[in-house]
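Here's the structure, in structure tokens; my notes come after.
Please treat every number below as a calculation from the coordinates, not as lab data. Just so we're clear, the structure is a prediction, and the values are computed from it rather than from any experiment. Neighbour counts run over all protein chains shown; Cβ positions are idealised from the backbone, glycine included.
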Amino acid sequence: MRTMMKWVTVFGLASGLSLGVATIALAEMAKWNLDKDHTTLGFQVVHMVVSKTKGKFTEYSGTVEMDVEKREFKTFEAVIQTASVTTDHQKRDDHLRSADFFDAKTFPTMTYKMKSYTKSGDQYTAIGDITLLGVTKELTLVGTFNGVAQDPWGNTRAGFTASGTMNRKDFGMKFSKLLDNGGLMVSDEVQLILAIDVIKEKKVEKVKH
């Protein structure tokens with residue numbers, strides 16, 4: 001009986017240690033990459049006062065460093081190809097890529113880099129630098145961390161939603177036309193609407209020789 005109790009105790013300690021190691025392994029700062037198939041970097045502007053025109057970017061890359069167990073973040077960076085802007089209207093998209101707006105030939109990328117963030121409940125407020133048309137300004141994004149899940153292919157995923165506003169004229173994007181009622185054909189304020197899906201980068205095991 002004592003021998004059996006001894007082995008039960010040893011087994012229990014070993015299991016507890018294994019569980020502790022697993023917990024520690026999850027609670028770590030890790031790198032996550034944006035999944036282009038399930039991420040939307042969108043925006044919308046008021047058009048002629050009465051409606052809103054929506055668009056998005058289709059070519060980009062980005063990384064997040066975070067500890068999902070603690071819900072803590074270290075970095076969030078993204079590089080967006082400006083020529084990938086689309087509003088599902090060819091003529092309008094060509095105009096957006098021109099020097100009147102994104103000037104994609106001269107400035108092929110826009111970037112975002114988080115500098116700090118605060119948390120209140122489930123809501124995060126991130127402050128970062130966005131660089132567009134060679135001009136860098138602070139941008140505030142307010143968002144929610146949606147959680148973590150395992151997909152059928154063995155990847156660990158996490159998701160966010162976030163939004164923010166920016167004034168395009170702050171970056172030198174001044175093109176517009178006045179309407180008869182005094183309003184603008186395209187609003188100066190741009191609303192950003194982000195739905196972000198990231199995949200945890202898998203560690204590459206070193207092969208022992």
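The table below gives the values:
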| quantity | calculated |
| --- | --- |
| Relative contact order of the stretch 50-201, pairs being alpha-carbon contacts under 8 Å that are 6 or more residues apart, as % | 15 percent |
| Relative intensity, log₁₀ I(q)/I(0), of the stretch 92-202 from a Debye sum that treats every alpha carbon as a point, q = 0.13, 0.18, 0.22 Å⁻¹ | -0.67, -1.02, -1.20 |
| Fully extended contour minus Cα-Cα distance, from residue 53 to residue 169, at 0.36 nm per residue | 40.0 nm |
| Translational diffusion of the stretch 67-154, µm² s⁻¹ [Kirkwood Rh, Cα pairs; Stokes-Einstein; 37 °C; 0.692 mPa s] | 212 µm²/s |
| Charge sum, other residues only, whose C-beta stays under 13 Å from residue 138's C-beta, Lys/Arg counted +1 and Asp/Glu -1 | +1 |
| Residue 137-residue 81 pseudo-label distance in nm [points 7 Å out on the Cα-to-Cβ vector] | 2.6 nm |
| The stretch 22-117: relative contact order as a whole-number percent, Cα under 8 Å and 6+ apart | 24 percent |
